[in-house]
Amino acid sequence: MLRAATLPGAQTVVAGLALVPRSVTLRTLNAVSSIAPALLARPDAGPVADSLRLLTHAGQRRTFIRTARTVINWRGQSVSATGHLEQLAGLPVLLVWGTDDKTIPPHHHRGVAGLLTDPRLLEIDGAGHYPQETAADRLLPALRQFLESTAPFRYTESRWRRQLTTRAGRP
């Protein structure tokens, strides 16, 4: 569905869809998740419907379309931040995802986890792309435990300068 936002005329289509009552959008998205589960995880129907309603504002709609076109095209993702993950070396990271995420498939999350130095991982069974909204009861205890048990990162300008001017320890 995000790929469609990159097509010509998407701004007009999104403007119309944003005006559809939330209840109608929610029923439609639930039907889509039942008929074509590869497109949308059932738990994500509510957050997607809510996000779509926010796009009634022209500025937010324009920003959404521009952002989508910057990072994806009709074929899929066109930008990746994977090459910058080494900059997170030594930083405490809690990486959370849902097993039913259709936007960023779980194997991508697992791949990112393998590139981090010491991540804490939480894979929430049955959650989609918005576990912070649809599975907060399972996310919050892990987040609290992470915050309580993790030493804060200590920023130093020299470390960041070194990180930004070298790649994998090489100038």
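The values are calculated or read from the model by the stated rules, or taken from the named source; none is laboratory data. Small disclaimer: the values here were computed from a predicted structure and weren't measured. Methodologically, a virtual Cβ is constructed for each residue, glycine included, from the backbone with ideal geometry; neighbour enumeration extends over all protein chains shown.
In the range 114-163, the qualifying residues are those that are among the polar types (S, T, N, Q) and closer than 30 Å to residue 1 by Cβ, and the one that is surrounded by the most Cβ atoms within 10 Å (Cβ to Cβ) is 134. Annotation note: Cβ proximity below 8 Å between a residue of the range 118-140 that is outside the structural domain of residue 45 (by TED's automatic domain parsing) and a residue that is assigned to a helix (DSSP H, G or I) and aromatic (Phe, Trp, Tyr) (sequence gap 6+ or interchain) occurs for 120/146.
Within the group 88, 40, 95, which residue is out of contact with any Asp or Glu (no Cβ under 8 Å at 6 or more places or on another chain) and over 30 Å from residue 154 (Cβ atoms)? Just one listed residue meets the conditions, 40.
Annotation note: Cβ proximity below 6 Å between a residue of the range 142-159 that is assigned to a helix (DSSP H, G or I) and a residue that is of a type in the set (A, V, I, L, M, F, W, C) (sequence gap 6+ or interchain) occurs for 142/122; 146/94. Screening residue 94 against (1) among the hydrophobic types (A, V, I, L, M, F, W, C); (2) assigned to a strand (DSSP E or B); (3) over 25 Å from residue 135 (Cβ atoms) leaves a single unmet condition, (3).
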